[in-house]
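Worksheet: one structure, shown below.
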């Protein structure tokens, strides 16, 4: 193609493109409101990005078409309450991608190029959005319009790694269209934009260049500890910065992209952590993995209520690990997060049952909070360290 | 509307105050840095630096770099840059001039040492070029290549040279960017880029754009911080003066006839005045037939080597080097289509004339004019050829 | 006023970070590296001109 391919927020070209998008939307709001409906404009802009800047445009369009028709077919013919089959069908391309990327093909193998077919940037998040859309809308009648589907799944700022939005929320924003674009939302966007730039391109970059990449691996504990905390800081600023930038561009064009990070290191327990760190994923996992699993266990009357909760929690986070990739470090880190939640859930249950603080005893509330934050921070640092793949 | 304007002014104000605070910070910090006397210079010294002989390249030998820089710096020494003709003949200028006439001279290079590498070497010590006696031996064959090969670049342009090119404040951006562009175009051919190489190439890329904010800010900052902002150190060569006496006996013409006779004697198995052994090994095919002597056409349009030659010529002229050129010939008894180089040689002469640069044009496609011994074989200088160059050098430099 | 101070700090950090990271490559000055060795992947091809 005649343009260099750029993933969202990865190069100045993308910012120039988004600048033009914002400008076009603002111009349309001022002069073309009646001629160009907002949702059509959004569709056109996303399509333009995919066509000229996104790597593998045909692959992602293929994926979108597959997901859309799969969704329609499920809505029409699949009447069961069980969501396992729809989930598997909708995530099939992603599962194939993760599975195939772990296989080594010999050079003579005729299907050695198959993995490339499914290696599409942002496929995991796209699949998550589609699954969310299916589950949320399955009991509602009526047709899901392709344009609404396309706008929701291919919204450029959140295309690659979220934040994960909900179909109803997003579509309501799109329906309000131009009237959503207000100066107060724009100013909010500007603040998010500046903070996003600071996080991603200054702080994360500085941590990476000045600390992380300067650490010398001498195999010592000190090295691994330094790496663990530095990597956590780097990941936080990089990811939170990215999310803020995505939110800001959403704000500029009238979309209230949900927030993703909210002082995660002030969390006192795993439950709170997932409301603060990658919040949109935390909510997604709660709604589409945890709740159905818990419901399923309850229907089948497995164990006690607390056992059902714990199993559902553990499986939810293990699935999250698999979703990150079929590599051991992702899976183990997911299981570790699951374990944290299970332990906390059990501890919480015991406190409630015994009507006392079973771990911290008679410590003052202030101390309990401080210690909880300290413990949580270190547990997270360890799980993220496993996630980084540095150890295995 | 009013709130929007208020907001806009507030942002501008905040930005302005931040920028002013930052400027103050950098300004006050520059005092501290300039007083702290940060040393950014690496000194290269050696016990000996030659006044005769050859140096094949500058790879893994700092003495080689020192020899080169010393040679360029010494105004009484002739620095000869060439390629595959740099043999061990006692008549080669870097042997004959010092050994027989007491004139210091040193040769640098081996095959593939072409004009762009020479340009970089000389650019690295550009402050020493003024009045320096430099002789470039041009081979027409270079001009059918795609310019200096990366292997040659690595051998002849060591990292110290690159650092000097990058750091030298006097070197023009155009010249720095010429090196940067070369690196950037050949990025894939290097195993990796060192920091100064990467910086030269990225600066060149940035300057290709009409305006680069980061380069403008850096230029402004470097006014206050100077060397402290450099990523790489300046390289300083501790050179020594030489003390060779110049002998006054310059009667060299008597050698010419004897060398011609010797060359004819060395060519026993052919009538092309090619050294017998070379003829047997290189010019005969497996059936004992003479391989055809055809030279490739030179395409003068977008000729990389010619552009590099112009860079080199411009460098020598603008720094007032006491430079001269030799256009070498091929053997007209062997090559059938020497007119393929006509246009090239004409262009070379034209540019040299235009620059007012003294040169010796040895290029000769007329068999009857070819003096045996000019070349040892079909393209490499022979003893007599070297003596012609010696005579040219003595005349050019009034020695 | 507090909002304004925050904004100034934000712009200050953005500008400072931009200059240190993208203009003068601060890590090259903080951690001056020894010269690395460069090699050419392309070899000389000897030929008769």
Give me a single rounded figure for A:194-201: the average over its residues of other chain Cβ atoms within 10 Å of their Cβ.
3
Whole-Å distance linking the alpha carbon centroid of segment B:267-282 with that of segment B:119-141 is 34
May I ask for the angle, rounded to the nearest 10°, between helix A:12-27 and the longest principal axis of chain A, with both axes built from Cα atoms and the value confined to 0 to 90°?
60
What is the Rg over Rh value, at two decimals, for segment A:13-157, using alpha-carbon atoms and the Kirkwood definition of Rh?
1.04
Directionally averaged shadow of the protein assembly as shown, computed from the convex hull of its alpha-carbon atoms, nm²
49.7
Averaged over the residues of B:8-18, the number of partner chain Cβ atoms within 10 Å of each residue's own Cβ comes to 5
On a 0 to 90° scale, report how tilted helix A:305-324 is relative to the longest principal axis of chain A, with both axes built from alpha carbons and the result rounded to the nearest 10.
50
Return the average number of partner chain Cβ atoms within 10 angstrom of each residue Cβ along peptide C:2-15.
6
In square nanometres, what is one fourth of the surface area of the convex hull spanned by the alpha carbons of chain B?
26.2
In whole angstrom, and with the biggest value first, how far do the Cα coordinates of segment A:163-254 range along each principal axis?
58, 24, 12
Kirkwood Rh over Cα pairs of segment B:52-125 into Stokes-Einstein at 4 °C, 1.567 mPa s: D in µm²/s?
105
Whether segment B:294-399 is rounded, prolate or oblate, judged on the alpha carbon gyration tensor where a/c under 1.5 counts as rounded:
oblate
Tell me the angle of helix B:195-208 to the major Cα principal axis of chain B, expressed in degrees between 0 and 90 and rounded to the nearest ten.
80
Give the span of segment A:227-298's Cα atoms along each principal axis, as three whole-Å numbers ordered largest to smallest.
43, 38, 18
Please work out whether chain A counts as rounded, prolate or oblate from its C-alpha gyration tensor, where a ≥ b ≥ c are the square roots of the eigenvalues and a/c under 1.5 means rounded, while otherwise a/b larger than b/c means prolate and anything else oblate?
rounded
What is the distance in Å between the Cα centroid of segment B:337-399 and that of segment A:215-249?
65
Relative to the compact globular guide of 2.2 N^0.38 Å, what is the alpha carbon radius of gyration of segment B:40-198, as a ratio?
1.03
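Going by a ≥ b ≥ c, the root eigenvalues of the Cα gyration tensor, does segment A:114-218 fall in the rounded group (a/c under 1.5), the prolate group (a/b larger than b/c) or the oblate group?
oblate
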So which residue, out of A:110, A:284, A:311, gets the largest mean-square fluctuation from a GNM of chain A using Cα contacts under 10 Å as springs?
A:110
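Mean residue ellipticity at 222 nm from the helices of the protein assembly as shown, using -39,500 (n - 2.57) per DSSP H segment of n ≥ 4 over the full residue count, to the nearest 500 deg cm²/dmol?
-17000 deg cm²/dmol
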Take the eigenvalues of the Cα gyration tensor for segment B:246-359, scale each by 5, and report the square roots as semi-axes in whole Å, largest first.
33, 25, 11
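No value in this document is a laboratory result; all are computed from the given coordinates. Worth saying up front: this structure is predicted, and the values here are computed from it rather than measured. Quick reminder, even Gly has a Cβ in these numbers, built from the backbone with ideal geometry, and neighbours come from all protein chains shown.
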